[in-house]
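See structure below.
A short reminder: the numbers here are calculations on the coordinates, not readings from a lab. Bear in mind the structure is a predicted one, so any value in this text is a computation, not a measurement. When we count neighbours, we look across all protein chains shown, and the Cβ atoms used for this are built from the backbone with ideal geometry, even at glycine.
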Amino acid sequence: MSIYLKKGRKIMKKIFSILLTIFIPLSFTNVSKAGSHMEAEVIHWWTSGGEQAAISEFAKAWEDMGNTWIDTAITGGDNARGTTVNRIIGGNPPTAAQFNVSKQFVDLVEQGLLQSLEEVASAEGWRDFIYPPELIETCEFEGEFYCVPVNIHSWQWMWINNDVYNQVGLPVPQTFEEFLAGAPKIQEAGIIPLALGGQGWQESGMFDVVASSIMGFPLMQSIYRDKDLDAFRDGRFESVLNTYRELNQFTDEGSPGRLWNDTTAMVIEGKAAMQVMGDWARGEFAVAGQKAMVDYSCVIPGKEKYVALGGDVFVFPKNDDPKVKDAQLAMASMMVNPTVQAKFNNAKGSLPMRLDVDTSAADACMQMGLDLIQNPDAIMRESDDWNTPAFTAAWGDIISEFRNDPNYTVAQVMDDLEGVLTSGL
Amino acid sequence: MPFYRNIAAKIALLPMIVISLTVFVGCIIYSFVYSLTNSKLVPVMNYVGFDQYERLFKQRKWDVAVENIFIYGFVFTIGCLIIGFLLSVLIDQKIRGESLFRTIFLYPYAMSFVVTGLVWKWVLNPTFGLENSMHMWGMTWFELDWLVNRDLAIYAVCIAAVWQGAGFVMVLMLAGLRGIDEDIWKSLSIEGVAKWKSYIFVILPMLRPMVVTAIVLIAAGVVKVYDLILALTSGGPGYATTTPAMYVMENFFSRANLGQAFAASIIMFISVVCILAPWAFYEFYLRNKYANN
C-alpha cells in the first residue's frame, strides 16, 4: 500500500513540477508586461503585397516604441471581421481589429464591446485635424470616439489603357456616355471594351460609380440615405440602370467570378480598354511598371467629379486588463501620427485622414484625389456609411442579378430595389 | 429489453449521447430562439416574431438557392449512383490492371472539394480553359460556356461533384459485387439470362444495402454542399448557383444578419427532417420490423 502511495506522491510531484515550469514563466511574462513594454495583437485583412507593406509601417512604428506587435492577418475582409466578432463574443478579443469606414461595427459599439478612445482623442484634438469631418461622424457615438480612421479609399475611378485608345484613334473618354460611344469601335478592333470581374462586390461597386456619375451625389444621398421613394422613382435612377445594362454588353464572357486584380491585369496588358475600380487598382499599375497619365489614365467619370469616402478604421475591443487599455490608447495615438500616416498611406496608395501629411511621393492620380478631397462639395459618401451590411448586400444582390440575368427587367428591378429600401434592414 | 443489458456499451455511448443532445439539440433550440429576433452582428434578444421567416421567403435569392439544392441533389445523387454502378460493373469483368483503374477512379474522392472546384473552374473557364484550347486547335465551333451561363452553371457544379463522388460509389458497389456468391452467377448462366439483365434484375436488388449506404452518404453531402460551389463559382454568375448553406453562411459572416441566418438554417433543418424522416423510418425501422417478424 505504502509503495502505491509513494508512487502516487512521486507522480503528483512530477505533475506539480511540470505545472510549475509551465506557469511560472507565464506569470513572469505577465509581470514584465506591466512595465512600459506593451503587447498588441492586431487582426486585419491586408495580405497582398502593397497591403503588407502598408501594415508593416504600423508594425514598425509600434515596435520602434519598444512594444511587441502580434500580426494576425486573415485573408478576406469578411473572414477577418467574422473572426474579430467571434473572438470578442468568445471572450478573447484582439487588441485592435480592422473594419471599413461604414456601419459594420455599430452593433459592437451599441453592445458596449468597444473601448472608447475619447481620452486620447480629446487630449490630442482629433476633431481638429481629422479630415474630412465625415470621418469623425463614422467613429463618433454619443460624443465619444470608438474607432481610428487610418486612410481614405475611393471607388470613383475609371482605369484606362491609353495605348488602346491611341490604336483606335479615339480620345480617352471622360464620362460613361463617351465611353459607350467609343466602345463598338474598340470591340471591332478585337479588344474587350469593359473589363469587369463578375463578383458581387465588383458589380455593385461599379454600379454606384455609374449612379453617382450620372445622377449626382445629392440624388444618391436622398435615395441611399433618406430612402426617398419620390426621388427613387423620378426616372433618373432608371436611366442609371439602363446605362449600366448598356455597359455590360461590352464585357467578355470570362467575367463571372474573376478577381479584381486579374481584371486590372487585362487593362494593363491591353486586352481590355477600361476598368471601373477603386484607387487600390493603382498599385497594380505601379507594380507592372506603368506610369500614370502616360501608359494609363485615371479618370473620375462625370461632369461633376466626386471622391468617395471609403477606407479603413481600427477598433479596439474592451478588455478587462487595464494594461491592454494602455496599449490600445497608445496604438490609436500612433496610427493618427502624421509621420506614420505619411509612410502608411504612401505604401497603401490611399489618401491620409489628415491634411498636414507629407504627400510629396504622390503620383498624378493620387494628386488628383488629394486636390479633389480639399473641396468639401466633392466629397461623396457611400451606401454603407448609412446602411447596414445586410441592406447593402441585399441591394448588391439585385444589382448583380440585374447584370447577369438579361430577362430581369428594369421595372422588376425597380420594384425589388424599392422592396429593399422599405424593408427597414 | 432490460435496461442492464449491454450496460458497458451504454455507458461508453453516454458521452456521445450527452454531446449530441447538448450540442445538436441545444444549438437547434438556440438557433430557433434567435431566429425570432432581429439580431444583426451579435445575437440580441429583441423579439420580432416570424419577420425573419417572412423576409426569407420573399427573397428571390432564397428561391434560387432552394431550386439549386434540388437540382444539385437530384443530378448528383442519380449521377453518382449510375456512373458509380457502371464503373463497378465494368471493373468487375475481371479486367487487367484492376487495381490501377480502381485507384484512378477513386482518386478524385481523396481530393478536397476546394481542389475539385478550382480544377473544374479552370477546365470550364471559356477564356482560358478547354474551350480556349479547342479554339486554338482550330475547332472554333466548340462551345463550353456552362460555367458562365446562368442557366447551366448549376449543372457544371453537378459535373464536378459527380466526377468526385462517383469513384466512391464505385468502390462501395464493387465491394458488394465481390460479395455475390459465385453460385448465383453459375445458376444465372445455366438459365441463360443475358448478362446486363442479370446485373439489373438480380444483382442490383441484392446490392440494396450498398445502395442505401451510398444514398445516405451522398445525401448528407448534398445538404451541406458549400466549399465546392464557393471554389467553383462563388455562387455566380449573379447568384445563379447559390445554395441554402451559402445563404446561411453569407448572412452569418459577411452580412452581419444573424437573425436571417438563423431563420434560413432552421428552414434547412426542417426540410431535411421532412425529406429524410419518412424514408429513414421505413428503411431502418419498418423494414427491420417486417424482417424480424
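Counting other beta carbons within 10 Å of each Cβ, put A:His44, B:His135 in order, fewest first.
Values: A:His44 23, B:His135 14.
Exposure proxy ranking, most exposed first: B:His135, A:His44.
To make sure I understand, if each residue's beta carbon is the centre and we count other beta carbons within 10 Å, what order do A:Val294, A:Val410, A:Val276, B:Val114 fall in, fewest to most?
If I rank by nearby Cβ atoms, fewest first, I get A:Val294, B:Val114, A:Val410, A:Val276.
I'd like to compare B:70-77, B:238-245: which one has the highest average count of other Cβ atoms within 10 Å, and what's the full order after that? Intermediate results must be reported in sequence, preceding the final value.
Values: B:70-77: 17.8, B:238-245: 25.1.
With the highest mean Cβ count within 10 Å placed first, the list reads B:238-245, B:70-77.
Below 8 Å between Cα atoms, with a sequence gap of 6+, how large is the relative contact order for chain A in percent? Mind showing how you got there, number by number?
On the way: 634 pairs, mean separation 107.1, N = 425.
Worked out over chain A, it gives 25 percent.
Which of B:Leu174, B:Phe3, B:Tyr282 sits closest to the plus end of the dipole of chain B, meaning its Cα is farthest towards the positive end, when Lys and Arg get +1 and Asp and Glu get -1 on the C-beta?
My answer, from the dipole projection, is B:Phe3.
Give me the angle, in degrees from 0 to 90, between the Cα long axis of helix A:77-89 and the longest principal axis of the Cα atoms of chain A, rounded to the nearest 10.
30
Ranking request for peptides B:204-213, B:170-179: highest mean number of other beta-carbon atoms within 10 Å first, then the rest in descending order. Spell out each step's value before the answer.
On the way: B:204-213: 15.4, B:170-179: 18.8.
Final packing ranking: B:170-179, B:204-213.
How large is the dipole of the range B:64-292 about the Cα centre if only Lys and Arg carry +1 and Asp and Glu carry -1, each at its Cβ, rounded to the nearest 20 debye? Present the calculation step by step, with values, prior to reporting the outcome.
Working: 14 positive and 14 negative charges, 89 e Å.
Around 420 debye, computed over the range B:64-292.
Among A:Ser255, B:Asn68, B:Leu106, which residue has its Cα positioned farthest towards the positive end of the charge dipole of the protein assembly as shown, with +1 placed on the Cβ of Lys and Arg, -1 on the Cβ of Asp and Glu, and the dipole taken about the Cα centre?
Highest projection toward the positive end goes to B:Leu106.
For B:Asp181 paired with A:Ala286, estimate the spin-label separation in nm (one decimal), with each label point 7 Å from Cα along the Cα-to-Cβ line.
Output for this residue pair reads 7.9 nm.
Once you have the Kirkwood Rh of the range A:219-264 from its Cα pairs, apply Stokes-Einstein at 4 °C and 1.567 mPa s and quote D in µm²/s. Don't skip to the answer; put the middle values down first.
Details: Rh = 12.8 Å.
The calculation lands on 101 µm²/s.
Would you mind giving the mean number of other chain beta-carbons within 10 Å of the Cβ of each residue in A:248-256, as a whole number?
Neighbouring Cβ atoms belonging to other protein chains average 5 per residue here.
Regarding the protein assembly as shown, what are the three Cα extents along the principal axes, ordered largest first, in Å?
Answer, in whole Å and largest first: 93, 88, 51 Å.
Express the relative contact order of the range B:197-293 as a whole percentage, based on alpha carbon pairs under 8 Å and six or more residues apart in sequence. Please report the intermediate quantities before stating the final value.
On the way: 38 pairs, mean separation 14.1, N = 97.
Averaging sequence separation for qualifying contacts and normalising by length gives 15 percent for the range B:197-293.
How would A:Lys348, B:Lys289 line up from fewest to most surrounding beta-carbon atoms within 10 angstrom? Please report the intermediate quantities before stating the final value.
Values: A:Lys348 24, B:Lys289 8.
Fewest-to-most Cβ neighbours within 10 Å comes out as B:Lys289, A:Lys348.
If you take each beta carbon of peptide B:252-263 and count the beta carbons of other chains within 10 angstrom, what is the mean?
For this peptide, the per-residue mean of nearby foreign Cβ atoms is 5.
Helix-only mean residue ellipticity at 222 nm, chain A, DSSP H runs n ≥ 4 weighted -39,500 (n - 2.57), per residue, nearest 500. What is it?
Numbers: 20 runs with 229 residues, N = 425.
That calculation yields -16500 deg cm²/dmol at 222 nm.
To the nearest 10 degrees, how steep is helix A:236-248 against the longest Cα principal axis of chain A, on a 0 to 90 scale?
90
Would you mind working out the magnitude of the charge dipole of chain A relative to its Cα centre, with +1 at each Lys and Arg C-beta and -1 at each Asp and Glu C-beta, to the nearest 20 Debye? Spell out each step's value before the answer.
Details: 32 positive and 57 negative charges, 513 e Å.
In debye, rounded to 20, chain A gives about 2460.
Residue by residue through the range A:121-137, which ³J(HN,Hα) values in whole Hz follow from phi under the Karplus form 6.51 cos²θ - 1.76 cosθ + 1.60 (θ = phi - 60°), with glycine and proline marked x?
For the range A:121-137, the Karplus curve yields 5, 6, 5, 8, x, 4, 5, 7, 10, 5, 9, x, x, 4, 5, 5, 3 Hz.
Mind checking B:55-68 for the average number of partner chain beta-carbons within 10 Å of each residue's beta-carbon?
2
May I ask which residue of A:Gly169, A:Tyr131, A:Ser213 lies farthest towards the positive end of the charge dipole of chain A, with charges of +1 (Lys, Arg) and -1 (Asp, Glu) on Cβ and the Cα centre as origin?
Checked the options; the winner is A:Tyr131.
Considering amide H positions built from the backbone, and no H for Pro or chain starts, which residues 5 or more places from A:Asn100, or on another chain, come under 5 Å of its amide H?
Answer set, sorted by chain and number: A:Val313.
Which whole-Hz couplings ³J(HN,Hα) result when phi for each residue of the range A:188-203 is put into the Karplus expression 6.51 cos²θ - 1.76 cosθ + 1.60, θ = phi - 60°, listed in order with x for Gly and Pro?
4, 6, x, 10, 6, x, 10, 8, 9, x, x, 10, x, 5, 6, 5
With +1 on each Lys and Arg Cβ and -1 on each Asp and Glu Cβ, how big is the dipole of the range A:204-352 about its Cα centre, in debye rounded to the nearest 20?
Working: 16 positive and 19 negative charges, 79 e Å.
Here the range A:204-352 has a charge dipole of around 380 debye.
Run through all the Cα pairs of the range B:64-292 and give the fraction in each 10 Å bin from 0, expressed as whole percent.
Once binned at 10 Å, the Cα pair distances of the range B:64-292 give 7, 25, 29, 23, 12, 3, 0.
Which of the helices in chain B, when you take each full DSSP H run, stretch at least 30 Å along the axis at their Cα atoms and have an average Kyte-Doolittle score of -0.5 or higher?
Numbers: long enough: B:60-91 (45 Å, 1.58); B:153-178 (38 Å, 1.76); B:258-281 (33 Å, 1.99).
Going by DSSP H runs, the hits are B:60-91, B:153-178, B:258-281.
Express the relative contact order of the range B:64-292 as a whole percentage, based on alpha carbon pairs under 8 Å and six or more residues apart in sequence.
30
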